[in-house]
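Okay, so here's the structure we're looking at.
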Amino acid sequence: MSKLVRPHGGGELKPLLLAGSALETEKTRAASLTKLKMSSRETGDLIMMGIGGFTPLDGFMTKADWQGICDGYKMASGLFWPIPVTLSTDDETVKAGDEVALVSDSGELMGTMKITEKYAIDKAHECMQVYKTTDMEHPGVKMVMAQGKYNLAGPVKVLSTGGFKEEYGDQFMTPAETRAAFEKMG
């Protein structure tokens, strides 16, 4: 039995990165979906979900999760979470029930998402609650204020880690890999 603390939320690690035939099938399917461009932060958040770093999330957060985090650092389930993990858009045509392909700002296919909710937020409220300021010089405030008009919620399938493993080699480790290394080292 592991001596390590359980992953956040108390369950098992929940990496969402597809591999093998499931990855190839989803990439093929993604080619026919509407493409939704993500910001650098959103791409990073998707990669974190892919490697299990945002366990137990299964996708981008709902309005109830957003509200709970802004007003008390807790998701709707009651689980502590300090900063909303959201995907935004200005696209008026995308709606709940749609499936979209998620692409990085460089155009790389990163994942797919089944949209379960589309909602607007009070960006200034998020900034005041999470960062305790609305000063545009704060990098977090700047990112929130640059988000699109709507947030999209729903489960994701992650198709890429954005080349980090290739770029950083052994220094890029997933939570599963670091946990295994910690176990090995006692």
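Rg/Rh, computed from the Cα trace of the range 71-186 with Rh as the Kirkwood radius, has the value 1.03.
Computed over every Cα-Cα pair of the range 1-69 and binned at 10 Å starting from 0, the pair-distance distribution P(r) comes out as 17, 37, 33, 11, 1 percent. Of the solvent-accessible surface of the range 1-150, computed with a 1.4 Å probe over protein heavy atoms with every protein chain present, carbon and sulfur atoms account for 58 percent. In the context of the full set of protein chains, the range 95-186 has a per residue accessible area of 55 Å² (1.4 Å probe). What the Cα convex hull of the range 41-91 gives, in volume per residue, is 83 Å³.
Principal axis extents of the C-alpha atoms in the range 1-158 (largest first, rounded to whole Å): 49, 46, 27.
Accessible surface computed residue by residue for the range 29-83, with neighbouring protein chains in place and a 1.4 Å probe, gives 43 Å² per residue.
Taking the helices alone, the chain has a mean residue ellipticity at 222 nm of -10000 deg cm²/dmol, built from -39,500 (n - 2.57) per DSSP H run of at least 4 residues and averaged over all its residues.
The relative contact order of the range 54-169 comes to 31 percent, based on Cα pairs under 8 Å that sit 6 or more residues apart.
What the Cα convex hull of the range 93-152 gives, in volume per residue, is 103 Å³.
The values are calculated or read from the model by the stated rules, or taken from the named source; none is laboratory data. As the structure is a prediction and not an experimental result, all values here were calculated from the model. Areas reflect the complete protein model, heavy atoms only, side chains present, ligands, DNA and RNA absent. Shrake-Rupley method; radii C 1.70, N 1.55, O 1.52, S 1.80 Å.
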